[in-house]
Amino acid sequence: QVQLVESGGGLVQAGGSLRLSCAASGLTFDSYTTGWFRQAPGKEREFVAAVNWSGGNTNYADSVKGRFTMSRDNAKITVYLQMNSLKPEDTAVYYCAAGRGWYGLGSMTRTYDYWGQGTQVTVSS
């Protein structure tokens, strides 16, 4: 059974860094698109970043471009989101997702078949 589990969230000061992890069971990321989304209180879920590992394509939202970077481990069972220069507006629950599409360069939710439970990121001033 496919399962995705996020970890690494927490409280950090503005300008600091966090590294989120998405651990997979039942799949490897060599054949899947992986995406990150976030949802702040009272806001809709928004796209953060995505990588199509098979094709080597990447896509980052303008709000995080140059600050956030996706990567994966050598075994291709864990995906990471390195978040630098964090801002209070980055505060949200962050979700990882996996699928076999590349709709809207990974920004559309129809890309994804599997979702994690989310991890809280809080950035203080």
Before we move on, is Val123 more than 17 Å from Val2 (Cβ to Cβ), part of a strand (DSSP E or B) and more than 13 Å from the chain's Cα centre (by Cα)?
-> yes
Going by the conditions given, is Tyr60 over 23 Å from Val2 (Cβ atoms), surrounded by 14 or more Cβ atoms within 10 Å (Cβ to Cβ) and not acidic (Asp, Glu)?
-> yes
Would you mention how many residues in region 2-24 are more than 22 Å from Asn84 (Cα to Cα) and either open to solvent by 60 Å² or more (accessible area, probe 1.4 Å) or touching a Leu at 6+ places or on another chain (Cβ under 8 Å) (or both)?
-> 3
Restricted to region 81-116 and to residues being more than 22 Å from Lys43 (Cβ to Cβ) and touching an Asp or Glu at 6+ places or on another chain (Cβ under 8 Å), the residue surrounded by the most Cβ atoms within 10 Å (Cβ to Cβ) is Ala98
Could you check, for region 30-39, whether at least one of its residues is without any contact (Cβ under 8 Å) to a residue 60 or more places away in the chain, under 11 Å from the mean Cα position of the chain (by Cα) and open to solvent by less than 50 Å² (accessible area, probe 1.4 Å)?
-> no
Residues that are without any contact (Cβ under 8 Å) to a residue 12 or more places away in the chain: which strands (runs of 3 or more DSSP E) entirely in region 55-117 hold 1 or more of them?
-> 68-72
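The values are calculated or read from the model by the stated rules, or taken from the named source; none is laboratory data. In this text, all values refer to a predicted model and were calculated from it rather than measured experimentally. As a convention, Cβ positions derive from the backbone with ideal geometry for all residues, glycine included, and neighbour counts pool all protein chains shown. Keep in mind that these areas ignore ligands, DNA and RNA; they rest on the heavy atoms of the full protein, side chains included. Shrake-Rupley method; radii C 1.70, N 1.55, O 1.52, S 1.80 Å.
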